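Chemist: Quick one: this structure, given as structure tokens, is what I'll be asking you about.
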Amino acid sequence: MKAAPSLLSCDFSKMGEEIQRVDRAGADWIHLDVMDGHFVPNLTIGPAIVSAVRPYTRLPFDVHLMIDYPLDYIDSFADAGADIITFHVEAKSDIKKTIEKIKSRGIKPGLVIKPKTPAEAVYEYLDEVYVILVMTVEPGFGGQSFMADMLPKVTAIKEECARRSLEVYLEVDGGISEKTAPAAANAGVDVCVSGTGIFKAKDTAAAISAIKKGI
Ligand code: DX5
Ligand code: ZN
């Protein structure tokens, strides 16, 4: 599996250095959580910060939008240097238009589902996306417990993609650590987002390596 450290759990006063730290420790993607205080009850970073930390690594920036109107902000995050932009099916922008807008900026699009949203909610978009992100916690905060009962959704989406010969990354986000990564691997996950599991680990490289191995 790939490991995507979530900057939500890094030291925000030195975000650039924190990115370099996980880059050196074996990270595959850098996961950036954008929250607007409406879609989720928390506020985090916007395009200015994404742009400021962009020069610190060449790894792909995986920007996870937890905002009501993702379509209105695609240009801003594209200009800031996003490589992948994922947004929620539960958000208020038109899904097809938002996917098209992301693609038109040369960025890889992805859809995210919250714990209460069924796997089937993304099926009609599978041929248009690069990644599907299945939340394994309620979005909004780092450090919550992994919801293992979300993994059957990963397997179902993976099987649907296989049935239709589609290559789509399956990503999970929330409560992933070296302890929970094996269950994710068994379910067919390709990319593990991990905030506290990586940034709060005693040995960053060991934590990333264990998550990637998934054993
Ligand atoms: C939660 C965010 C996650 C969060 C994960 O809304 O989408 O990316 O940072 O943090 P951990 O790994 O600590 O659960
Ligand atoms: Zn996230």
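Chemist: In straight Cα distance, which aspartates and glutamates are under 13 Å from residue 202, not counting same-chain residues fewer than 8 positions off?
Modeler: Those aspartates and glutamates meeting the cut-off are 178.
Chemist: Here is a further query. Residue farthest toward the positive end of the dipole of the chain, with Cβ of Lys/Arg at +1 and Asp/Glu at -1: which of 214, 115, 49?
Modeler: The listed residue farthest towards the positive side: 214.
Chemist: Now for a different question. Within the range 2-213, what whole-number % of the accessible surface is contributed by carbon and sulfur, with the 1.4 Å probe and all protein chains included in the calculation?
Modeler: The C+S portion of the solvent-accessible surface of the range 2-213 is 49 percent.
Chemist: Amide H to amide H under 5 Å from residue 169: which residues, 5+ apart in sequence or cross-chain, H placed 1.01 Å off N in plane?
Modeler: Amide H neighbours of residue 169: 131, 132.
Chemist: Here is a further query. For the pairs 14/97; 116/212; 14/213; 158/213; 2/92; 96/179, flag any whose C-alpha to C-alpha distance is greater than 25 Å.
Modeler: 14/97; 116/212; 14/213; 2/92; 96/179
Chemist: From the helices alone, meaning DSSP H stretches of at least four residues, give me the mean residue ellipticity at 222 nm for the chain, per-run term -39500 (n - 2.57), in deg cm²/dmol to the nearest 500. Mind dumping the intermediate values first?
Modeler: Numbers: 8 runs with 68 residues, N = 215.
Rounded to the nearest 500, the figure is -8500 deg cm²/dmol.
Chemist: Could you provide, to the nearest whole Å², the per residue accessible area of the chain with probe 1.4 Å? All intermediate terms of the calculation are to be shown ahead of the outcome.
Modeler: On the way: 9250 Å² over 215 residues.
I get 43 Å² per residue for this part.
The values are calculated or read from the model by the stated rules, or taken from the named source; none is laboratory data. Since we're looking at a predicted model, the values are computed, not measured. Note that each Cβ is placed from the backbone with ideal geometry, even for glycine, and that neighbours are counted across all protein chains shown. For the accessible areas, the whole protein counts, side chains as well, though only heavy atoms, and no ligand, DNA or RNA atoms are used. Shrake-Rupley method; radii C 1.70, N 1.55, O 1.52, S 1.80 Å.
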